[in-house]
Amino acid sequence: QVQLVESGGGLVQPGGSLRLSCAASGIIFSRYLMGWYRQAPGKQRELVAFIGSGGTTTYANSAKGRFTISRDNAKNTAYLQMNSLKPEDTAVYYCYAAYSAYSYWGQGTQVTVSS
């Protein structure tokens, strides 16, 4: 059974930082592209960043320069380091894994940026 379990969300003040983690099980993690998406209330889910199996990264314009995606294949875990957080970063953040015809989603973790 495949599971993607996100953690690390919470309430943070503007300008603060959070690190999200996505622990994967049931997949050969090193083969998978790993991504982070987010969905704010009333909005569509949008890509934040992804990292390929070889470590190549891609970021949405909103994340460039502030967020860093990484992976630790030995721990079957992907990370999203978020710095300089803004109120508009408030959303549920979802982990995503994809390889060939297979794709999976985590249950999401809430990030709230507010003073």
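Residues in segment 51-84 that are more than 22 Å from Val12 (Cα to Cα), among the hydrophobic types (A, V, I, L, M, F, W, C) and open to solvent by less than 60 Å² (accessible area, probe 1.4 Å): 1 in all. Residues that are of a type in the set (S, T, N, Q), at pLDDT 95 or above and over 17 Å from Ala63 (Cα atoms) were ranked within segment 1-26; the one that is most open to solvent (accessible area, probe 1.4 Å) is Gln13.
Figure legend. Inter-residue proximity from segment 46-58: first residues farther than 18 Å from Met82 by Cα, second residues at pLDDT 95 or above, beta-carbon distance below 6 Å, spacing 6+ or different chains. Indicated pairs: Gly52/Leu33; Ser53/Arg31.
Filter segment 39-50 down to residues that are among the small types (Gly, Ala, Ser) and over 11 Å from the mean Cα position of the chain (by Cα) and give me whichever is surrounded by the most Cβ atoms within 10 Å (Cβ to Cβ).
Top of the filtered list is Ala40.
Tell me whether segment 87-95 contains one or more residues that are open to solvent by 50 Å² or more (accessible area, probe 1.4 Å) and either free of Cβ contacts under 8 Å to residues at least 24 places away in the same chain or closer than 22 Å to Gly10 by Cβ (or both). Yes, because at least one residue in segment 87-95 is open to solvent by 50 Å² or more (accessible area, probe 1.4 Å) and either free of Cβ contacts under 8 Å to residues at least 24 places away in the same chain or closer than 22 Å to Gly10 by Cβ (or both).
The values are calculated or read from the model by the stated rules, or taken from the named source; none is laboratory data. As the structure is a prediction and not an experimental result, all values here were calculated from the model. For neighbour counting, all protein chains shown are included, and Cβ atoms are generated from backbone atoms with ideal geometry for every residue, glycine included. These area figures cover heavy atoms from the full protein model, side chains too; ligands, DNA and RNA do not enter into them. Shrake-Rupley method; radii C 1.70, N 1.55, O 1.52, S 1.80 Å.
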